[in-house]
Each structure stands twice: as C-alpha cells, then as structure tokens.
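The values are calculated or read from the model by the stated rules, or taken from the named source; none is laboratory data. Note that the structure is a prediction, hence the values are computed from the model and not measured. Every residue, glycine among them, receives a Cβ derived from its backbone with ideal geometry; neighbour counts consider all protein chains shown.
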Amino acid sequence: MKLWVVILSILLFAFIGWQLWYVFLVDIEEPAYTVFQKKNGYELRQYKPYLIAQVSLPGSYRAVTNEGFKVLANYIFGGNKEDVSMPMTAPVLVEKNKKVGGYTIAFVMPASYTKETLPEPNDTRIQIKEKPSQKVAAYRFSWYATEKRAEQKKKLLASLLERDGIKQDSPIMVARYNPPFILPFLMRNELLVVIDD
C-alpha cells in the first residue's frame, strides 16, 4: 500500500473521530426541559424558563442567519459594556419576522445569568428576552437547516400536529445545535413550536 493512502486514511479516521467526539461528548449547555410524551415523529417537552439574546434583521434566511450569528457572537465574546466573555450555548434559534421583513435569530444565554446580571450589549439591536416555562413540540432532523429544507420540515411537523389534534401557540422556530463544520449526517437540528396546554 502506498504511503499517501495510509496517511490519507489516518487523517480521515482522525477527522471522523474528532467529529464524533465533538457531537457526542462535548458538553454544550442547553435550556432545561423534560420530555413528557413521545409521539410518532416528534416529542412533547416541558421547558423551564430561560433567557435569550436576540436580533431581528431584514433580509433572506441565509443572510440574516449569517449576519445575526456574527452580531450575537460578538456580544457573547466580549462585545458588551462589561467586556465579559460568555460560553457558547445551544441551540441557535431562527424565526421568521414579518415586521422587519426578515428573521429573528437568538442565542440561548447561560443559566448562570439572570436578566439583571447579563452584560449589557454594545449593539443596541440586541434584545434580552425571557422565555417562560412552556410546552413545546420538537421535531428533529439532520443535514443542513437550509431555508428550503426547514420549510419542508415545518409543513411535515404542522401536519403531524394536526393529525394528533395538537394546536400550535407560536410560529415554528428552527433550532440549530452544531457549528457548520460538523458533517451533515451528524448534525442535530430541530423545529420547536409552543403548543396549547
């Protein structure tokens, strides 16, 4: 066997091993929830209250998710009045926003902060909001959460909820849990929608 084939094989296995380590073993904080019912195709969760930092921007899904991510990443990595860096959490939430002709993108804030103790953003477009305790339907899918793919999955989730007689109480949000360098088949994406009690 040629040396370059051996080297390429080692690098490939190392890359896949690193991807698996990152996806399954790296502990990234998420909002606290319990699954209270598993349905055919999705699950029902009870979320505890949590804080988000969000920004609403006009533009296309792709443009806003890219720009909004940069704005919020700058905030958590020191772009705030206290010059404090906070850890990255998951998921990144994306929701259509008709008022601005674009989307709202949000980062979940670490649970160690309260609304009073979170650093004040330097960027005045960023809003800090509290998500209350709520019941949510969650549908999981892999690969890239492009606008087209997300819209197809939203239709599917809406039909599953209708089938089961569950009423939506919010727009459906896209929740992305992984950085873009993760292999598509290992990616965790979800659709989250608040449901009626």
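Condition test on ILE172, is it at pLDDT 95 or above and touching a helix residue (DSSP H, G or I) at 6+ places or on another chain (Cβ under 6 Å)?
On the way: at pLDDT 95 or above: yes; touching a helix residue (DSSP H, G or I) at 6+ places or on another chain (Cβ under 6 Å): yes.
For ILE172, the condition - at pLDDT 95 or above and touching a helix residue (DSSP H, G or I) at 6+ places or on another chain (Cβ under 6 Å) - is met.
Filtered by the rule that a residue be touching a strand residue (DSSP E or B) at 6+ places or on another chain (Cβ under 8 Å) and either among the aliphatic types (A, V, I, L, M) or within 16 Å of SER85 (Cα to Cα) (or both), segment 116-137 gives LEU118, PRO119, GLU120, PRO121, ASN122, ASP123, ILE126, ILE128, VAL136, ALA137.
If you go through segment 144-155 and pick out every residue that is loosely packed, with under 15 Cβ neighbours inside 10 Å and farther than 16 Å from VAL92 by Cβ, you end up with 4. LYS96: under 20 Å from LEU57 (Cβ atoms), touching a residue at least 12 places away in the same chain (Cβ under 8 Å) and among the charged types (D, E, K, R), yes or no? Taking the combined requirement at face value, the residue satisfies it.
Kindly indicate which of VAL174, VAL194, VAL136 is touching a Ser or Thr at 6+ places or on another chain (Cβ under 6 Å), in contact (Cβ under 8 Å) with a residue 60 or more places away in the chain, on the phi < 0 side of the Ramachandran plot and not basic (Lys, Arg). Explain how you work it out, then say what you get.
Values: VAL174 fails: touching a Ser or Thr at 6+ places or on another chain (Cβ under 6 Å); VAL136 fails: touching a Ser or Thr at 6+ places or on another chain (Cβ under 6 Å).
Residue meeting the stated conditions: VAL194.
When the residues of segment 156-176 are filtered to those that are among the polar types (S, T, N, Q) and within 15 Å of LYS39 (Cβ to Cβ), the one that is surrounded by the most Cβ atoms within 10 Å (Cβ to Cβ) is GLN168. THR146 satisfies every condition listed in (1) over 21 Å from TYR33 (Cα atoms); (2) free of Cβ contacts under 8 Å to residues at least 40 places away in the same chain; (3) of a type in the set (Ser, Thr, Tyr) except (2). Out of curiosity, is GLU151 out of contact with any Lys or Arg (no Cβ under 6 Å at 6 or more places or on another chain), of a type in the set (D, E, K, R) and modelled with pLDDT of 95 or more? So GLU151 fits the description; yes.
Please find, among ALA90, ALA106, the residue that is under 17 Å from GLU147 (Cα atoms) and not β-branched (Val, Ile, Thr). I'd like the intermediate steps shown before the answer.
Values: ALA90 fails: under 17 Å from GLU147 (Cα atoms).
Of ALA90, ALA106, the one residue that is under 17 Å from GLU147 (Cα atoms) and not β-branched (Val, Ile, Thr) is ALA106.
The conditions of being under 30 Å from VAL193 (Cα atoms) and either of a type in the set (Ser, Thr, Tyr) or at pLDDT 95 or above (or both) are met by PHE36. Out of all the residues in segment 131-143, is one or more surrounded by fewer than 13 Cβ atoms within 10 Å (Cβ to Cβ) and under 14 Å from the mean Cα position of the chain (by Cα)? Within segment 131-143, one or more residues are surrounded by fewer than 13 Cβ atoms within 10 Å (Cβ to Cβ) and under 14 Å from the mean Cα position of the chain (by Cα).
Quick one: which of THR114, THR124 is farther than 14 Å from PRO31 by Cβ, in contact (Cβ under 8 Å) with a residue 60 or more places away in the chain and surrounded by fewer than 14 Cβ atoms within 10 Å (Cβ to Cβ)? It would help to see each step written out before you state the result.
Numbers: THR124 fails: in contact (Cβ under 8 Å) with a residue 60 or more places away in the chain.
From the options THR114, THR124, the qualifying one is THR114.
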